[in-house]
Amino acid sequence: MGYLITRLTLLMVFLLAIPASAYDEAIVTVQTVVKTTKSWNGETLPHYPAGQPEITILKITIPAGAEIPWHEHPVINAGVLTKGVLKVVTKNGKTLNMVAGDPITEVIDTWHYGVNSGNEAAEIIVFYAGIENKPITVKKP
């Protein structure tokens with residue numbers, strides 16, 4: 001029993017000798033970036049379609065001054081702008097202006113385009129909850 005107490009005492013002394021900053025690195029935090037039932041334009045998200053779910057994650061880089069052509073998404077998707085600025089505009093004129101760190105829950109089955117009006121490339125990570133063998137983006141003809 002004395003052996004066990006000695007070992008525990010040594011362990012406690014060892015742990016107390018570790019700087020507090022070492023513990024800070026081990027702390028995990030969780031922050032909800034977005035939790036919603038609506039897209040950024042206020043429309044309610046549709047039900048998931050039937051079929052084999054397929055998740056796609058894209059890192060999209062839009063050069064300064066570039067415009068993403070008119071397109072729509074037939075599947076639910078959301079992302080975070082990690083760098084730069086981005087403006088998203090729907091066919092009926094609704095506009096979303098994003099800066100680095102902003103989340104987006106994209107519009108579904110709604111024609112829209114994006115433009116980077118900043119001085120640096122914009123970068124966005126987008127997660128698509130699609131169905132196998134179905135497109136995640138449809139370009140306007």
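The values are calculated or read from the model by the stated rules, or taken from the named source; none is laboratory data. Quick caveat, the model's predicted, so the values are computed rather than measured. Positions of Cβ are generated from backbone atoms using ideal geometry, with glycine treated the same way; all protein chains shown enter the neighbour counts.
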**All positions within the stretch 30-50 that are exposed (fewer than 12 other Cβ atoms within 10 Å of the Cβ), in a loop (DSSP other than H, G, I, E, B) and among the hydroxyl-bearing types (Ser, Thr, Tyr)** = THR32, THR36, THR37
**Complete:** Here the residues within the stretch 1-54 that are among the aromatic types (Phe, Trp, Tyr) and at pLDDT 90 or above are TRP40, TYR48
**Request:** Considering every residue within the stretch 68-84, establish whether at least one is more than 30 Å from GLU132 (Cβ to Cβ), surrounded by 12 or more Cβ atoms within 10 Å (Cβ to Cβ) and at pLDDT 95 or above.
**Result:** yes
**Message:** All but one of (1) surrounded by fewer than 17 Cβ atoms within 10 Å (Cβ to Cβ); (2) under 19 Å from the mean Cα position of the chain (by Cα); (3) of a type outside the set (D, E, K, R); (4) within 21 Å of VAL34 (Cα to Cα) hold for PRO53; state the number of the condition that does not hold.
**Reply:** (4)
**Asked** Before we move on, is PRO135 out of contact with any strand residue (DSSP E or B) (no Cβ under 9 Å at 6 or more places or on another chain) and in contact (Cβ under 8 Å) with a residue 40 or more places away in the chain?
**Response** yes
